[in-house]
Structure formats: C-alpha cells, structure tokens
Amino acid sequence: MTDKAAITFEQIRERAYEIWERNHRPAGFEIEFWLLAERELRAERERKRGAGHEPAGGAGGEGAAS
C-alpha cells in the first residue's frame with residue numbers, strides 16, 4: 001500500500017467508534033469493533049480502486065454481442 005492509500009489510525013478509531021455507537025455501546029468489544037472497522041475501510045478502498053479500473057460498459061459483458 002502506498003502512503004496515499006494507507007488507512008490511518010484516526011480513520012480506524014473513528015469508524016470503530018461509529019460501530020460501537022451503532023451497537024448501543026457495549027463493554028468488552030473494543031478489539032472486535034477495531035478489527036471490523038479496519039476490514040470495512042479496506043473493503044471500501046478496494047471497491048473504490050476496482051470501480052476506477054472497470055471498463056465503461058461495466059463487468060459481465062453487458063452489451064456485448066453474442
């Protein structure tokens with residue numbers, strides 16, 4: 001990962017806090033929420049990266065002649 005694409009500690013912290021709040025602030029789930037936040041942020045980055053590389057017609061051959 002390049003420096004521009006790196007997910008920062010602050011981004012993970014903010015996302016983990018949002019997840020914690022959405023789940024009614026339970027005690028004892030800090031690590032789970034932190035890991036979930038990292039996973040969500042990485043998945044979002046991958047989707048954005050993948051979306052930028054797809055052909056204009058999209059994936060799956062839509063509009064292709066048979």
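The values are calculated or read from the model by the stated rules, or taken from the named source; none is laboratory data. What you see is a predicted model, and the numbers here were worked out from it, not measured in a lab. A quick note on method: Cβ atoms are made from the backbone with ideal geometry, for glycine too, and the neighbour counts reach across all protein chains shown.
If the condition is being at pLDDT 95 or above and either more than 21 Å from LYS48 (Cα to Cα) or surrounded by fewer than 10 Cβ atoms within 10 Å (Cβ to Cβ) (or both), then the range 1-12 contributes THR8, PHE9, GLU10.
Per-residue answers, yes or no, for (1) modelled with pLDDT of 95 or more; (2) at positive phi; (3) surrounded by 10 or more Cβ atoms within 10 Å (Cβ to Cβ):
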| residue | (1), (2), (3) |
| --- | --- |
| TYR17 | yes, no, yes |
| ARG39 | yes, no, yes |
| HIS53 | no, no, no |
| GLY63 | no, yes, no |
